[in-house]
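One structure below.
The values are calculated or read from the model by the stated rules, or taken from the named source; none is laboratory data. Treat the numbers as computed from the prediction; the structure is a model and nothing was measured. Cβ atoms come from the backbone with ideal geometry, glycine included; neighbour counts cover every protein chain shown.
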Amino acid sequence: MTDALYSLSISQLGPLLARREVSPLEVTDQLLERIEGLDGQLHTYLTVDADGARAQAREAEGRLAKGEATPLTGIPLALKDVLVTRGLRTTCGSRILENFVPPYDATVCARLRQAGAVFLGKVNMDEFAMGSSTENSAFGPTHNPWNRDCIPGGSSGGSAAAVAADLCSASLGSDTGGSIRQPASHCGVVGLKPTYGRVSRYGLVAYASSLDQIGPLTKEVRDAALLLNCIAGHDRRDSTSLDAAVPDYLESLGREIKGLKIGVPREYFGGGLDPDVDAAVRQALKTLEGLGAELVEVSLPHTEYAVAVYYLVAVAEASSNLARYDGVKYGFRGEGRSLLEMYGATRTQGFGAEVRRRIMLGTYALSAGYYDAYYRKGSQVRSLIRGDFDAAYKKCEVVATPISPTPAFRLGEKMADPLTMYLSDIFTISANLGGIPGISVPCGFSSGGLPIGLQLMGPPLGEAALFQAAYAFEQATDWHKRKPQL
């Protein structure tokens, strides 16, 4: 039973640990050995905490021996390097925080520790979560396990690639405009963006505060439900945290979807959609229909403005949030003969090109004389996008769409053309602007052998319906069982 523990999902591993047929240390050692042997090809981890992971594994063994286990006790996880971890380096993929060691845990990390999970380390990401390919990391790109010449998606590319390559049992990422769902699709794993406010953002290093949300990337849908059960819930330290009861998301799994109304928005199927993606998603819709779901055409008419709105709202908030990195309080400090020179040197040398671009765009959008024309107008259209979803959910319970217009593209292919890169998020951005939940579940492969994901989106706090539909689809197909050859 011990030869491939690294390949097991949380749902498979948990019962073995609970029955003490295998030990947390055994699982952790297997994964650490696999990381050491394979991660040189993929570059998913920025920091591997072998000693800390083994210490947590031994602590988990003690809890199991006393019968004090939770479903996550002894489960080895990877954390996106945008979540602060007490005593463990947190870089956000940036030179400006290269040596930053936080003195406290993010709420989600504290809850996972309390549940007895094991932290293997921190995984790679686009710098400050700004990107769609994990090529903007100051420490080099992550490679897609299915084809190392391709991107894994972003900004949670390290999180998705580590799960796909069996370098952790599951991981946490963050999603500001698709940064969990898009890499999940490109790497052939499950990725959930919860409702805005469902999971505390305390200790998530901010990119765009009104859009950011933490969520799980996992090998199967049940694992995502297990993780959300642990990390969801009100937190008084996050003023945007929703004070709403958290259901047991496992109860949604296995419910039949006969009669479930699934909206198919006409705006998401048209020009620019890769034929392989179009075919895979349409086949997935047929599968759902065969399981008894009712497909309903809906319209999300303001979708065409989503990218423009996102790149006004997000960059404006980034400009404000990243003002704190000035070389004075913590992080990298550049040299200068005056305070202003030091500020300039710190931010020029510490931030990468994409982060500098977004800060400048955001500062411009917020500047005197332009605020009303840009940021305020963007916020108004954002309300229209949210209204589109509200209208759609009067006709259906779940909306189904592609995740990305294309399968994973080649490393370097879009780096010289930021606009083309930004358009790769066109199908995921609206969920963040609307504050609604979305999940990516594997639904096929391209002719080039790259994974393709199906996106399901629900109304606010509608995660239970997403789990119900995603699990039913997963059980009827075997896409999630396929593994990349490493």
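Structure above, values below:
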| quantity | calculated |
| --- | --- |
| Filter result for Gly87 (within 30 Å of Glu61 (Cβ to Cβ) and either crowded, with 24+ Cβ neighbours inside 10 Å or within 17 Å of the chain's Cα centre (by Cα) (or both)) | no |
| Qualifying residue in the stretch 48-58 (condition: in a helix (DSSP H, G or I), touching a residue at least 60 places away in the same chain (Cβ under 8 Å), more than 25 Å from Glu354 (Cβ to Cβ) and not aliphatic (A, V, I, L, M)) | yes |
| Residue list for the stretch 151-169, restricted to those being over 12 Å from Glu135 (Cβ atoms) and either of a type in the set (S, T, N, Q) or part of a loop (DSSP other than H, G, I, E, B) (or both) | Ser156, Ser159, Ala165, Asp166, Leu167, Cys168, Ser169 |
| Qualifying positions in the stretch 235-252 - within 22 Å of Gly116 (Cβ to Cβ) and within 20 Å of the chain's Cα centre (by Cα) | Tyr249 |
| Residue among Ser185, Ser179 that alone is of a type in the set (Ser, Thr, Tyr), buried (at least 24 other Cβ atoms within 10 Å of the Cβ) and not in a loop (DSSP other than H, G, I, E, B) | Ser185 |
| Test for Ala314: is it of a type in the set (A, V, I, L, M), crowded, with 19+ Cβ neighbours inside 10 Å and assigned by TED's automatic domain parsing to the domain that holds Gln349 | yes |
| Residue in the stretch 74-94 that is polar (S, T, N, Q) and farther than 30 Å from Phe332 by Cα present | no |
| Residue in the stretch 425-439 that is surrounded by 23 or more Cβ atoms within 10 Å (Cβ to Cβ), over 19 Å from Val307 (Cβ atoms), of a type outside the set (Lys, Arg) and within 18 Å of the chain's Cα centre (by Cα) present | yes |
| Number of the exception - Pro71 against (1) more than 30 Å from Gly131 (Cα to Cα); (2) part of a strand (DSSP E or B) | (2) |
| Out of Ala368, Ala373, Ala391, Ala400, sole residue that is of a type in the set (A, V, I, L, M), assigned to a loop (DSSP other than H, G, I, E, B) and either surrounded by 23 or more Cβ atoms within 10 Å (Cβ to Cβ) or more than 25 Å from the chain's Cα centre (by Cα) (or both) | Ala368 |
| Odd one out for Leu46 among (1) in contact with a strand residue (DSSP E or B) (Cβ under 7 Å, 6 or more places away or on another chain); (2) over 25 Å from Thr348 (Cβ atoms) | (2) |
| Residue that is nearest to the chain's Cα centre (by Cα) [pool: residues in the stretch 253-287 that are among the acidic types (Asp, Glu) and farther than 18 Å from Pro407 by Cβ] | Glu267 |
| Enumeration of residues in the stretch 272-296 that are surrounded by fewer than 15 Cβ atoms within 10 Å (Cβ to Cβ) and touching a Pro at 6+ places or on another chain (Cβ under 9 Å) | Gly272 |
| Qualifying residue in the stretch 201-209 (condition: in contact with a helix residue (DSSP H, G or I) (Cβ under 9 Å, 6 or more places away or on another chain), assigned to a strand (DSSP E or B) and of a type in the set (Lys, Arg)) | no |
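Each row is one residue, and each column tells you yes or no for (1) of a type outside the set (Ser, Thr, Tyr); (2) assigned to a loop (DSSP other than H, G, I, E, B); (3) surrounded by fewer than 20 Cβ atoms within 10 Å (Cβ to Cβ); (4) outside the structural domain of Gly140 (by TED's automatic domain parsing).
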position	(1), (2), (3), (4)
Asp326	yes, yes, yes, yes
Gly331	yes, yes, no, yes
Glu335	yes, yes, yes, yes
Arg347	yes, no, no, yes
